[in-house]
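Enquirer: Take this structure first; my questions come after.
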Amino acid sequence: MDPRSNVQSKPIHHLHHHHQHLEHRSSQSHHQMAFPMPSETTQSLPPSVQCSPIFVEYQLMKEFVLFQKQNLSHVYLIPSYGSAFDWFGIMFIHGGLYAGKCLRFTVHISPSYPNCDVPRIVFDPIPTHPLVDVNNGELDTSFLYPKWNSTNNFIFEIIAQAKHMFEINEIFDLRKFVHIDRKLGFNSTEQLRLTIAKEMANFNDKVIQKEGHDKHFIRFDEPDNPSIIDKLRDKLINGKISTTNGNEFILDNHRSNPYAGGNGYGSPSISGLSWTKKIMFK
């Protein structure tokens with residue numbers, strides 16, 4: 001099994017161990033609402049300029065690198081193998097009303113990037129949440145980003161805000177994410193808590209069992225040798241991982257890891273993108 005295209009795990013009682021296995025994959029935690037801005041803007045062309053595929057490839061590469069540097073704990077992201085504009089993600093929630101839940105999502109970036117609307121975050125399976133559309137799983141970010149400007153706004157910000165929306169302790173904590181007149185669909189925190197307990201009782205099982213056809217789709221598979229988890233944990237504690245071919249990778253929060261992604265990928269307008277592999281194995 002290729003560790004770059006599969007995330008190890010399957011039965012629900014192994015979820016904690018596989019969470020540890022994922023901890024080295026792509027990014028770490030961020031609990032502030034204000035984000036450190038990069039030293040340079042991601043885009044450098046005015047919106048009216050038609051961007052070449054190479055330029056778009058470069059900007060998407062920079063967006064992904066920016067995400068890796070943000071310290072978003074328990075959030076794991078990998079670009080799709082089949083399209084440069086879809087990124088697969090998994091996030092584990094450790095606090096608030098959704099504590100213990102594992103969420104699977106996809107970041108959909110418009111093919112017109114960087115001259116595009118706000119990238120969409122779509123959850124599948126669909127969690128019970130006041131800001132998630134029950135029909136298509138899309139997260140409502142319209143209040144935070146009424147107009148998207150790719151020169152000043154970044155994809156990692158949307159992902160970080162999405163995680164914050166699931167770390168609420170009370171339903172009224174969501175008021176910072178929506179317009180004051182926006183109806184939340186629940187009259188109280190207790191009503192939301194009971195609904196989550198009822199409708200998301202087996203939610204993690206659905207996330208684990210979800211299948212996808214893309215080579216980079218994040219899968220939870222039981223390892224052939226359960227001791228792999230223990231060995232990996234020990235190596236993480238020591239700060240490095242040894243692969244089967246004898247190479248060693250030093251783990252650093254600001255460096256990518258060898259198991260987070262694989263080869264280049266393409267789309268109808270962009271093909272043969274190899275920057276994912278270069279980033280992961282630098």
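Enquirer: Quick one: in the stretch 172-194, which of the residues that are surrounded by 18 or more Cβ atoms within 10 Å (Cβ to Cβ) and under 23 Å from the mean Cα position of the chain (by Cα) is farthest from Pro146 (Cα to Cα)?
Expert: Among them, the one singled out is Leu174.
Enquirer: Considering only residues that are under 24 Å from Asp173 (Cα atoms) and in contact (Cβ under 8 Å) with a residue 40 or more places away in the chain, look in the stretch 113-137 and name the one that is nearest to the chain's Cα centre (by Cα).
Expert: Ile121
Enquirer: Select from the stretch 177-228 the residues that are in a helix (DSSP H, G or I) and of a type in the set (Gly, Ala, Ser) and list them in ascending order.
Expert: Matches in the stretch 177-228: Ala197, Ser227.
Enquirer: Determine which member of the set Glu190, Glu211, Glu222 is without any contact (Cβ under 8 Å) to a residue 24 or more places away in the chain and either of a type in the set (Val, Ile, Thr) or under 30 Å from Phe85 (Cα atoms) (or both).
Expert: The unique qualifying residue is Glu211.
Enquirer: Looking only at residues in the stretch 84-133 that are closer than 23 Å to Asn149 by Cβ and among the polar types (S, T, N, Q), which one is surrounded by the fewest Cβ atoms within 10 Å (Cβ to Cβ)?
Expert: Filtering the stretch 84-133 for residues that are closer than 23 Å to Asn149 by Cβ and among the polar types (S, T, N, Q), the one surrounded by the fewest Cβ atoms within 10 Å (Cβ to Cβ) comes out as Ser112.
Enquirer: In addition: Within the stretch 92-128, which residues are of a type in the set (D, E, K, R), within 16 Å of Leu60 (Cα to Cα) and in a loop (DSSP other than H, G, I, E, B)?
Expert: Asp117
Enquirer: Which condition breaks for Leu97 when tested against (1) under 16 Å from Phe203 (Cα atoms); (2) in contact with a strand residue (DSSP E or B) (Cβ under 9 Å, 6 or more places away or on another chain); (3) of a type outside the set (S, T, N, Q)?
Expert: Unmet for Leu97, out of (1) under 16 Å from Phe203 (Cα atoms); (2) in contact with a strand residue (DSSP E or B) (Cβ under 9 Å, 6 or more places away or on another chain); (3) of a type outside the set (S, T, N, Q): (2).
Enquirer: Please work out if Thr41 is at pLDDT 90 or above and among the polar types (S, T, N, Q).
Expert: no
Enquirer: To continue, here is another question. Condition first: among the β-branched types (Val, Ile, Thr) and not in a strand (DSSP E or B). Now tell me which residues in the stretch 57-91 satisfy that.
Expert: Val65
Enquirer: For the stretch 130-163, what are the residues that are in contact with an Asp or Glu (Cβ under 9 Å, 6 or more places away or on another chain) and either assigned to a helix (DSSP H, G or I) or of a type in the set (Phe, Trp, Tyr) (or both)?
Expert: Scanning the stretch 130-163 gives Tyr145, Trp148, Phe154, Ile155, Phe156.
Enquirer: Charged (D, E, K, R) and either buried (at least 17 other Cβ atoms within 10 Å of the Cβ) or touching a residue at least 40 places away in the same chain (Cβ under 8 Å) (or both), is that true of Lys231?
Expert: no
Enquirer: With respect to Asp140, is the statement that it is acidic (Asp, Glu) and without any contact (Cβ under 8 Å) to a residue 12 or more places away in the chain true?
Expert: no
The values are calculated or read from the model by the stated rules, or taken from the named source; none is laboratory data. Since the model is a prediction, treat every value here as computed from it, not as a measurement. With ideal geometry, Cβ positions are generated from the backbone for all residues, glycine too; neighbour counts draw on all protein chains shown.
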